[in-house]
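What follows is a single structure, written as structure tokens, with notes after it.
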Amino acid sequence: PVLPELEETPETHSGPSWFTIVLILVALIALPAQVLWFQYESWVKDGRFRPVYQSFCDLAGCELPPMRDVAAIVSKKSVIRVHPERSDARIIDVLMVNNADFAQPFPMIELMATTIRGQLVAGRRFKPQEYLQGDLADARLLPPRTPVHVSLEIQDPGQEALNFEVRFR
């Protein structure tokens, strides 16, 4: 029998094509970008990941939301006094301090009056625009480790209200 002549086949390159390399590079960039995008709400508040988001914002010209940790805001002193102009009102002076290492938005202040047994008699929430006055009227952020005095005017809750509690939300 006669053997057919072996034809020489051109050498084929066994490595990845340019398309494959570009596709892998796009995937290597897109996957972390998607994780950063979908974890934005929680990671932008985390000090470990915030610099990554800040770098992207510096490039894109955006602004990150301010850090927020309401648990770090404490009330140092609260004083209840009679309103100087109205006998049916009280003024509560609160000295609040942000113990966080960063400035954060002013909190909503929740004031609750309770009986000696802890039953709620009256309560009110104050938004920052309601209690910020004077030099602080245009302030957006509560500075770290700086006492800030605010005065809250309330309707007199009556004789049963013996305890007042200040919470930050």
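The values are calculated or read from the model by the stated rules, or taken from the named source; none is laboratory data. None of the values given here were measured: they were computed from a predicted structure. Cβ coordinates were reconstructed from backbone atoms using ideal geometry, including for glycine residues, and neighbour counts include every protein chain displayed. In case anyone asks, the SASA skips ligands and DNA or RNA and just uses the protein heavy atoms, side chains included. Shrake-Rupley method; radii C 1.70, N 1.55, O 1.52, S 1.80 Å.
In angstrom, the C-alpha Rg and Dmax of region 74-122 are 14.1, 41. Accessible surface of region 94-169, 1.4 Å probe: 47 percent of it comes from carbon and sulfur atoms. When all alpha carbon pairs of the chain are counted in 5 Å bins from zero, the resulting P(r) reads 1, 7, 11, 13, 11, 9, 8, 6, 5, 5, 4, 3, 3, 2, 2, 2, 2, 1, 1, 1, 1, 1, 0, 0, 0 %. Annotation: lysines with alpha-carbon distance below 23 angstrom to LYS45 (same-chain offsets under eight excluded): LYS127.
Close amide H pairs (under 5 Å, H built 1.01 Å from N) link LEU142 with GLN104, PHE106, residues at least 5 positions away or on another chain. Taken per residue, the accessible surface of region 72-169 reaches 61 Å², heavy atoms only and a 1.4 Å probe. Projected onto the charge dipole of region 82-145 (+1 at Lys/Arg Cβ, -1 at Asp/Glu Cβ, origin at the Cα centre), which of ILE109, VAL121, ASN98 gives the Cα projection farthest towards the positive end? Farthest towards the positive end: VAL121.
The charge dipole of the chain, taken about its Cα centre with unit charges on the Cβ atoms of Lys, Arg (+1), Asp and Glu (-1) only, comes to about 1360 debye. Note on region 121-140 and region 65-81: Cα centroid distance 12 Å, given to the nearest whole angstrom. Spatial offset of region 24-41 relative to region 142-156 amounts to 42 Å, using the alpha carbon center of each.
Rounded to whole numbers, the Karplus 3J(HN,Hα) couplings from phi for region 137-152 are 4, 9, 5, 10, 10, 7, x, x, 6, 10, x, 10, 9, 10, 10, 10 Hz, using 6.51 cos²θ - 1.76 cosθ + 1.60 with θ = phi - 60°, and x at Gly and Pro.
Close amide H partners of HIS83, meaning residues 5 or more places away or on another chain with modelled amide H under 5 Å apart, are ALA89, ARG90, ILE91.
Look at the alpha carbon pairs under 8 Å that are at least 6 residues apart: their mean separation over the length of the chain gives a relative contact order of 21 percent. Compute the long axis of helix 50-60 from its Cα atoms, compare it with the longest principal axis of the Cα atoms of the chain, and write down the angle in degrees, 0 to 90, nearest 10. Rounded to the nearest ten degrees, it is 70.
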